[in-house]
1. At a probe radius of 1.4 Å, what is the per-residue accessible area of ARG449, in Å² to the nearest 10?
2. Using a 1.4 angstrom probe with every protein chain in place, what is the largest-first accessible-area order of VAL173, VAL246?
3. Go through the range 445-461 residue by residue and turn each phi into a ³J(HN,Hα) via Karplus (6.51, -1.76, 1.60, θ = phi - 60°); whole Hz please, and just put x for glycine and proline.
4. Could you provide, to the nearest whole Å², the per residue accessible area of the range 370-497 with probe 1.4 Å?
5. With every protein chain left in place and a probe of 1.4 Å, what is the accessible surface of GLU428, to the nearest 10 Å²?
6. Are any of the pairs LYS99/LYS129; LYS283/LYS407; LYS129/LYS185; LYS147/LYS289 more than 27 Å apart by Cα-Cα distance, and if so, which?
7. Accessible area, 1.4 Å probe, largest first: how do ARG149, ARG450 sort?
8. Just the number, please: carbon plus sulfur as a percent of the accessible area of the range 345-497, 1.4 Å probe, no ligands or DNA/RNA counted.
Amino acid sequence: MSTNKFDWSEPQKLSPVALVFILVKIIKDSWPLVLIALGRIIINEQNETKRNTSFGVYFVLGITFLILLIHLKQLINFFKFRIYIQGTELMVKSGLLSKSITIVPINRVQSVHLIENYLHKLTNTCKLKIETAGSEATEIEIEAISKERAISLQALLQNAAIETIQQKNIEQVQIMGIRFADVIKLAISENHIRTFLIILGFAYSRIEDLKQLFGYDASNIIDEQVEQADFSTLGILTLLTFGLLVTLIVSFIRVLLRYNEMTIFSNKKGFQMEWGFLQTQQKMLIQNKVQLISWDNNFIRKALGIKIVRFFMTGEDILKPKQHIQLPIMQSALLYQLISPYQAIWPSQDEKPNSVDKTYGWRETVLFVLPITLIGAIAIYFWNPVYIIIPLLIFIYSTISNWVKYKKFRFWMNKTTIQIQKGIWGEENILLNFNKIQQVSIKTSPFQRRKNLASIELYTAGETITIPFIPQAQAQYIADWTLLCIEFNGQQLGRFR
């Protein structure tokens, strides 16, 4: 779609559908007052006197007026909202008495996210989120705007984020699509332990809600049922089977919501992603905003040939997963196609691997795991010697996992990029260009100084990468080379090496 269809130098209004979303939000935020009003209506219906009936009507009208007064600002913002482009800046104005103007430099736009639920689809509108490099939160969020306008603005910002505001078409080619069979594979390979913990947390919160609503402690009823339950072998197997089935169903639903019908289009500026089950979402990824790239798998995904690629963007909040850009990759060729615009030649392809010192594999076990499990074993022995095997198994597991972590940690370097491989039962690769690093820190402990070792931390705008327990000379070399790359912006550095 040509971006010339709309003149973004002229202020654009919100779609009338946005008023519906505002009213829904008002009701959602004001439900305690709504419950009070409904309760009053029920009381009045039980009272036959005219005086109480009139009082109930006035009470409901008063509550309604109070709700509208509290949210008057949102209603005013709907009518006064304007969005337009002025020069090289995206402008958003709202408010009547207290006016607000948000100014976003177009070259700081990190991603433009389009979301459609059923109401959006029925009204040909969408929700628009604009994230920038200067904030960890969503900079601009519009509940409902014409879909044609949103797509036009998305294309315009993608084109203008790198060049100037030149309205022209960008040729896009589809490079990936997720099929239903791929969704099944992703659901099978999910982290089911994490899903199980999410289910437990959700169930516990609902129990607390029941306690507050009905005035009785539902956990007491659960305790009584547990005491009466049959803990035979068959009963335990049935319970485990049911738990596994529920976990698989929840994992499938989570994957379906996250990856259903995901398609990726490539163009000269970056990638365009679209996915969704209950609601359709679109997101734009601009290549020059990518700080580093990682891809990982667990042992099930490794067997199925699946990798999850993560793009770390400028200004991204690592504590907000909804902002993260994660893509499931089913073919190795597609992995290279996605990463090559960031780095065409990976260091692991033509450089020798570097390893960390072996003390990285046992030091944590000796200093932390061994004392904790030893104290736990002594306490358990005096309580019930039968369960002393539990801390023993924990110690064995921790020892093995720490040693595997040491054996798997490798890194490669060339003149522009550093690549890190790590993991325990799975595997994660990290690709980081030196000119994306903003700060370098070398840290040593007394033990490391005795062994002439150091740990180096590489800070970017999106994440911090740590390489532990390497020779001090090597850490200093990486720091010096990184600072040199930052100073020269990665250009013509081969002659310095």
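The values are calculated or read from the model by the stated rules, or taken from the named source; none is laboratory data. Just so you know, these numbers come straight off a predicted model, no measurement behind them. For accessibility, only protein heavy atoms count, side chains too; no ligands or nucleic acids. Shrake-Rupley method; radii C 1.70, N 1.55, O 1.52, S 1.80 Å.
1. 120
2. From most exposed to least exposed: VAL173, VAL246.
3. 9, x, 5, 5, 5, 5, 9, 6, 10, 7, 10, 10, 10, 10, 9, 10, 6
4. I get 56 Å² per residue for this part.
5. Using a 1.4 Å probe on the heavy atoms, I get roughly 50 Å².
6. Listed pairs above 27 Å: LYS283/LYS407; LYS129/LYS185.
7. So, going from the largest accessible area down, we get ARG450, ARG149.
8. After summing per-atom areas, the C and S share lands at 60 percent.
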